[in-house]
Amino acid sequence: MSAVIQTSGLGKAYRRTWALRDCTLAIPAGRVVGLVGPNGAGKTTLLSLAVGLLAPTCGTITVLGERPAAGPAQLARVGFVAQDTSVYARMTVAGHLRLGAWLNPGWDGELARRRIEQLGLDPRQRAGSLSGGQRAQLALTLALAKRPELLLLDEPVASLDPLARREFLRGLMESVAEHGVSVVLSSHLVSDLERVCDYLVVLVASRVRVAGEVSALLASHRRLSGPRRDPATLPAGQQVIEESHTDKQSLLLVRTGEPVHDPAWTVTPVSLEDLVLAYMNPANDIPARRPQLGAVS
Amino acid sequence: MIEFQLDETSGVATYLQLVQQVRQALRMGMLEPGDQLPTAQQVVARLAINPNTVHKAYRELERDGLVRARPGLGTFVTRSPSGTDPATQARFLAELTGWLRSARAAGLGPDDIEAIYRTAFRACFAEGVA
Amino acid sequence: MIRLTWRQFRAQAWVAIAALAAIAITFALTRPSLTHMYSASGLAGCQARNDCGSLAAGFISQVRADAAYPVLYAMGVIVMFLVPAVIGMFWGAPLIARELEDRTYRLAWTQSVTRTRWLAVKLGLLGLAAMAITGLFSLIVTWWASPLDRAATLGSPILSNRMMPALFAGHGLVPLGYAAFAFTLGATTGALTGRTVPAMAVTIVIFAAVQLITPNFVRPYLIPPAHTTVAVSPGDVNWVPAGHGLLITGRAAIPGAWVLSTSGHVYTGPAIQILKTCNNGPTSTPACGRAFASLHAQTLVTYQPASRYWALQWYETGIFLAAALALAGFCFWRIGRHRSGRTRPSSARPPRTASTLRTSPAPPATSGHPGR
């Protein structure tokens, strides 16, 4: 399967701070990708680079095989929902659908109309007077109705209440089921990850900490608990991601290619949420260079 | 048609939960050979999960020979996992229910009953008796 | 994109059309009696009879005496200054600034239309609309004022004629150039500031400055001014002491022209001694009159003749259209440059909460080198 987003050494700097750096990813098609990280980690920067709103400072990025926003054809293949969903406050819902129809040759008006009806939005209502959840759904409708191959969403559910959040994800997943679109969804929330994402990218402090298929990540990480031990004594194939020690006991989260045979350890699997939290914790010193999981042909 | 549920706190992967629920339904007779499993779209509409998860679960069930995917038509149950028909299972269920009632009437508590059951279970299967 | 631009522009278009209609109706209703006054004044054939000066003066004073006409005239002048300024502030400034300020560019530039096309349609369509509307305003005002303009051209040079700064900018072709310039100026300041209200303020300030600078420093030299020497008439003279003599300048009397400057000579001699005693001017006593006449005083007039009106209009319009195109080009470049992130994403700054999320010590940079 080809990569929908491919970056190599991608970096973006504003004056003296790096918003993103050393970003090398190959995100495969047909996945729902979770882009996770704390606020300010660089998620919005990465998505803005992917959609052509920003230009890289160094490195390269290709989306669906082309430079982002390379031309109308490439723009038509990528849908984007910005953070704090950008809609025109004084334009009505129907006005936004017209905007979509006029600016997108591949516009599916029937899909848009059907979705708006299902969501119960009043076409004559101005977008500025919609609730947060309704605005997010409107923005998602606009992005879906242009029938893209790739959908990028920047923290679309961050400011929504749990019910609106579930409804948004439901609509998104239904679309994925129906049209097979690849999705990259950024969030600083780690719940909902396992039910929705099958590929994960963790961004912390402008760097990628880990990226790979969720199943591969879960298969390659283990919790080890046992008598107090210095992590340096572990075999080379086992990387310690997180460690905590009492005077008698050690609790480690390791990443390993092979099963752990040492009988001193009690080995248990890790939940995706705990795995992500471990990678997101800045107190954990993650080694800089790691091979990326999830082979992409 | 079976309706799936998701227990997010169980720590079990979503696709495994779906697989387990199908197996359970087959065992209990709620699903019979020939029944259609819900489409990915239907599952997604109800649970708001990744459709790939549904496909993964159905692929695993197909690998175990329990279901078969017919392109354009859906995924259908082929056989029951245990190899016995639901009628046999219902008979044993009724017998066990009767035994449990008698045990309770005799004054045995839940822990006693469980201990008796586990002892018998281990003894039976350790001998390699089918 | 064209339909969208018209749709988003509707409110402003209606305001412009309403204003245009109001002006058009007002001026159309009042014009007929002005024409009547003009034909009654006999100015039509005055050049043959050589009495243009007095007839023009009579006509103009008749118009001035009327209650409404001076007001309408002034309104015409003010409207023609305001139209390009308002276009610059309300059509030009919000064009890009509002998209940046409300961050709706994240929606507009991720549809299937490139940024270049988006801007090209907006600038092109609205720029042409700006010029068209201003052209219509100018047409109406110029048409209404044409009897007065003709009278001023034919008659007394003291009257403000259409070559002079206040009217030159408000009649004819030049307002179109101003409109295009103000519009693209607004768009450019909007693109640079990213905020609508500051962009509007900067636009009006710069546009006003340009309106002040052009007639004083640019327009006089578009065509090298003509020079002529005119005899100083006793009724129209100005003198100041200069050393032993008098610097005598006359006021030029060239109908319809735009007098840039007049320069006089210093005269010395016995007649000057007499004139120095004539405090009420050379006509105060016969002796003063004789002394003045003996000087044959002349003044050098630098001016732009009335015949050059259209040439100057075309040149100035051309200059402002060229400036508008240059500004538009800058806007395209600036929009493209926007990719390099003048606007930071709002989440770029780490939150200052009292959480344990401190910035992790950066791993040693292995291959990252900043810079292009």
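In the elastic network of chain C, a GNM with C-alpha springs shorter than 10 Å, the most mobile of C:Pro84, C:Pro241, C:Pro225 is C:Pro241.
Each 10 Å bin from 0 upward holds the following percent of the Cα-Cα pairs of segment C:226-306: 20, 50, 23, 7.
The Cα trace of the protein assembly as shown gives Rg and Dmax of 41.9, 154 Å, the first to one decimal, the second as a whole number. Any chance you could tell me what percent of the C-alpha pair distances in segment A:215-280 go past 15 Å? I get 46 percent for the Cα pairs in segment A:215-280 exceeding 15 Å. The ellipsoid equivalent to the alpha-carbon distribution of segment A:1-61 has semi-axes of 20, 13, 9 angstrom, derived from the gyration tensor eigenvalues as √(5λ) and listed largest first.
For chain B, the 222 nm mean residue ellipticity estimated from helices alone, with every DSSP H stretch of n ≥ 4 adding -39500 (n - 2.57) and the total spread over all residues, rounds to -18500 deg cm²/dmol.
Dipole magnitude for segment B:8-77: computed about the Cα centre from +1 point charges on Lys and Arg Cβ and -1 point charges on Asp and Glu Cβ, it is near 100 debye. Here the residues B:Phe92, C:Phe183, ranked from fewest to most Cβ neighbours within 10 Å of their Cβ, fall in the order B:Phe92, C:Phe183. Overall shape of chain A was characterised from the C-alpha gyration tensor. The equivalent ellipsoid obtained from it has semi-axes of 39, 20, 17 Å, in decreasing order. The mean count of C-beta atoms from other chains within 10 Å of the C-beta of residues in C:110-123, rounded to a whole number, is 5. For chain C, the longest principal axis of the Cα atoms and the long axis of helix C:174-193 meet at an angle of about 30 degrees. When the Cα atoms of segment C:1-138 are aligned to their principal axes, the ranges along those axes come out at 71, 30, 20 Å in descending order. Cβ under 11 Å from B:Gln20's Cβ, B:Gln20 left aside: what net charge do those residues give with Lys, Arg +1 and Asp, Glu -1? Net local charge, B:Gln20 excluded: 0.
For chain B, the ratio of Cα radius of gyration to the globular rule of thumb 2.2 N^0.38 Å stands at 1.30. Mean per-residue shielding of peptide B:45-58 is 6, counting Cβ atoms of other chains within 10 Å of each Cβ. If you take all C-alpha pairs in segment A:107-147, what percent of them are over 12 Å apart? Of all Cα-Cα distances in segment A:107-147, 54 percent exceed 12 Å. Our Cα-only numbers for chain C put the radius of gyration and Dmax at 29.3, 103 Å.
Taking every DSSP bridge with both residues inside segment A:3-214, close to 55 percent are antiparallel.
Our helix-only sum for chain A, with -39,500 (n - 2.57) per DSSP H run of n ≥ 4 divided by its residues, gives a mean residue ellipticity at 222 nm of -9000 deg cm²/dmol.
Cross-link partners for C:Lys122 among the lysines, with Cα-Cα distance under 16 Å and sequence neighbours closer than 8 places in the same chain left out, do not exist in this structure. If you take the alpha carbon atoms of segment C:64-103 and fit the smallest convex hull around them, that volume is 46 Å³ per residue. Summarised as an ellipsoid, segment C:77-144 has semi-axes of 31, 13, 5 Å, derived from the eigenvalues of the Cα gyration tensor scaled by 5 and square-rooted, with the largest first. Taking Lys and Arg as +1 and Asp and Glu as -1, the other residues whose beta-carbon sits under 15 Å from that of C:Gly172 total +2. For chain B, the longest principal axis of the Cα atoms and the long axis of helix B:86-105 meet at an angle of about 40 degrees.
Report the percentage of all Cα-Cα pairs in segment B:8-77 whose separation exceeds 20 Å, rounded to a whole percent. Here the tail beyond 20 Å accounts for 24 percent of pairs. Along segment A:42-51 the Karplus relation, 6.51 cos²θ - 1.76 cosθ + 1.60 evaluated at θ = phi - 60°, assigns HN-Hα couplings of x, 5, 4, 4, 4, 5, 5, 5, 5, 9 Hz to successive residues, with x for each Gly and Pro.
On the principal axes of its alpha carbon atoms, segment A:16-168 extends 46, 34, 30 Å, with the longest extent given first.
Take every Cα pair under 8 Å whose residues are at least 6 apart in sequence, average their separation, divide by the length of chain C, and the relative contact order is 19 percent. Our helix-only sum for chain C, with -39,500 (n - 2.57) per DSSP H run of n ≥ 4 divided by its residues, gives a mean residue ellipticity at 222 nm of -19500 deg cm²/dmol. Scaling against 2.2 N^0.38 Å puts the C-alpha radius of gyration of segment B:86-126 at 1.30.
Net charge in the neighbourhood of B:Phe76 (other residues with Cβ under 14 Å of its Cβ; Lys, Arg +1, Asp, Glu -1) is 0. For the options C:Arg64, C:Arg49, C:Arg103, a Gaussian network treatment of chain C with springs between C-alpha atoms closer than 10 Å singles out C:Arg49 as fluctuating the most. Compute the helix-to-body angle for C:2-41: its Cα long axis versus the longest principal axis of chain C, expressed 0 to 90° and rounded to tens. Roughly 10 degrees, rounded to the nearest 10. Of B:Thr119, B:Thr88, B:Thr39, the residue with the greatest mean-square motion in the GNM of chain B, using alpha carbon springs below 10 Å, is B:Thr119.
With q set to 0.14, 0.16, 0.22, 0.26 Å⁻¹, the log10 of I(q)/I(0) for segment C:1-79, from the Debye formula over equal scatterers at the Cα positions, is -0.63, -0.72, -1.03, -1.17. In this structure, A:Glu110 and A:Asp262 have a Cβ-Cβ separation that, at R0 = 45 Å, corresponds to a calculated FRET efficiency of about 0.15.
Each reported figure results from applying straightforward, stated rules to the coordinates on display, with no laboratory input. The shown structure was predicted, so the numbers you read here are calculated from the model rather than taken from an experiment. Glycine gets a Cβ as well: all are built from the backbone with ideal geometry, and neighbour counts include every protein chain shown.
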